[in-house]
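The values are calculated or read from the model by the stated rules, or taken from the named source; none is laboratory data. Keep in mind the model is a prediction, meaning the values are calculated, not measured. Quick reminder, even Gly has a Cβ in these numbers, built from the backbone with ideal geometry, and neighbours come from all protein chains shown. To get the accessible areas, we keep the full protein, side chains included, count just its heavy atoms, and leave off ligands, DNA and RNA. Shrake-Rupley method; radii C 1.70, N 1.55, O 1.52, S 1.80 Å.
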Amino acid sequence: MIALILRCAMLALILLGAGRASADCAAWSNWEQFKHHYISEQGRVIDPYEGKNITTSEGQSYALFFALVANDRPTFDLLLSWTENNLAAGDLTQRLPAWLWGQESKSGKWQVLDKNPASDADLWIGWTLLQASHLWHSRSYQVTGTLLLNRVAKEEVADLKGFGLMLMPGKIGFSQPDSWMINPSYLPLQLLTRLSALKGPWPEINRNALRLLQETAPKGFAPDWYVWQSGSGWRPDKTKGPTGSYDAIRVYLWAGMLSDDDPRKAPLLAHFAPMARLTEASGNPPERVNVLTGEMTNQGNVGFSAALLPFLQGSSALTAQQRRVQQQPPGSDAYYSSVLNLFGSGWSDNRYRFNAQGDLLPAWGPQCVTSD
């Protein structure tokens, strides 16, 4: 009788463990919906904005990250192959991916529309490949990711006189002899921390990034674009102005997703606390905010609310944003809102975390991995 009881108890433990493994490996419904709405069978991420159905290197990079979080290796490989073949002329180790692909207005041909790379996409692709190499045990991802990041370091990094090394938004068009235009949302600290283990400028860029994020947000609101002027420091861009909006919302997202063990997280969240207070006071995140005065214009869409879910942890503003995301999820024609929702809601639902070293901690474990 005792032996029977022990066998039953052992069976229950085995079944419980199997149930947990199944739950860990379960499909991510928001990701499946995103694939249905925005990813072609060939692995192209389609942004339907204004009916142009463009593809950006940003979209490809984010989708690669989400595929890794979802343990969706077939889609990951499709995305990677399309990106390499169509944005990098067949070789991501030899050239950075073009940022814009779509239909040429005169010829009607689908092709690269702007060859200039976007460093945020390059950063995410390289980092994600390194993470995929570790989690899926594939050396080819590591080789491609490392060589791509080496090219980023060579082609998209500048020495800002009086400030130090920094990642530029792209290869061409952002540097003048005495001024450099920067996009703070291109600098997720968790990715830069991980890349600091590589040779090259990454440790210095990682150190400088925290200072940049704080100094370009003098009132606690991140800008979309800002300029470092040699001899006088940071100032708004004369054309774009002191505005924080669709780019800047990611600054709060990245900050909120930092590991609690990262010593930069607490001071960064404290610095950006005015954004949390403004969100609570107005009911929703601002669509646009003047980073010099804190004056807001309009309310942001539901993607903004999703992006702030990690940032607002512990804030009294969190509940209202959670409710909005649950009740008004992005539709099938809202690529960017859907991206922000996957990042913010995925983190909030414990689909993934980052550790203090900048590595990805997905919810799925080794039992979910399929070998090559």
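Structure data summary
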quantity: Matching residues in segment 85-126 - criterion: being of a type in the set (Asp, Glu) and either open to solvent by 50 Å² or more (accessible area, probe 1.4 Å) or free of Cβ contacts under 8 Å to residues at least 40 places away in the same chain (or both); calculated: ASP91, GLU104, ASP114
quantity: Residue list for segment 290-314, filter: among the aliphatic types (A, V, I, L, M) and open to solvent by less than 10 Å² (accessible area, probe 1.4 Å); calculated: VAL291, ALA306, ALA307, LEU308, LEU309, LEU312
quantity: Residue check, THR75 part of a loop (DSSP other than H, G, I, E, B) and at negative phi; calculated: no
quantity: From the options ALA132, ALA98, ALA121, ALA158, residue that is among the aliphatic types (A, V, I, L, M), assigned to a helix (DSSP H, G or I) and touching a strand residue (DSSP E or B) at 6+ places or on another chain (Cβ under 8 Å); calculated: ALA121
quantity: Strands (runs of 3 or more DSSP E) (entirely within segment 212-312) containing at least 1 residues that are β-branched (Val, Ile, Thr); calculated: 226-229, 286-290, 296-299
quantity: Neighbours by Cβ (under 7 Å, 6+ apart or cross-chain): first from segment 334-346, in a helix (DSSP H, G or I); second among the charged types (D, E, K, R) and open to solvent by 10 Å² or more (accessible area, probe 1.4 Å); calculated: TYR335/ASP47
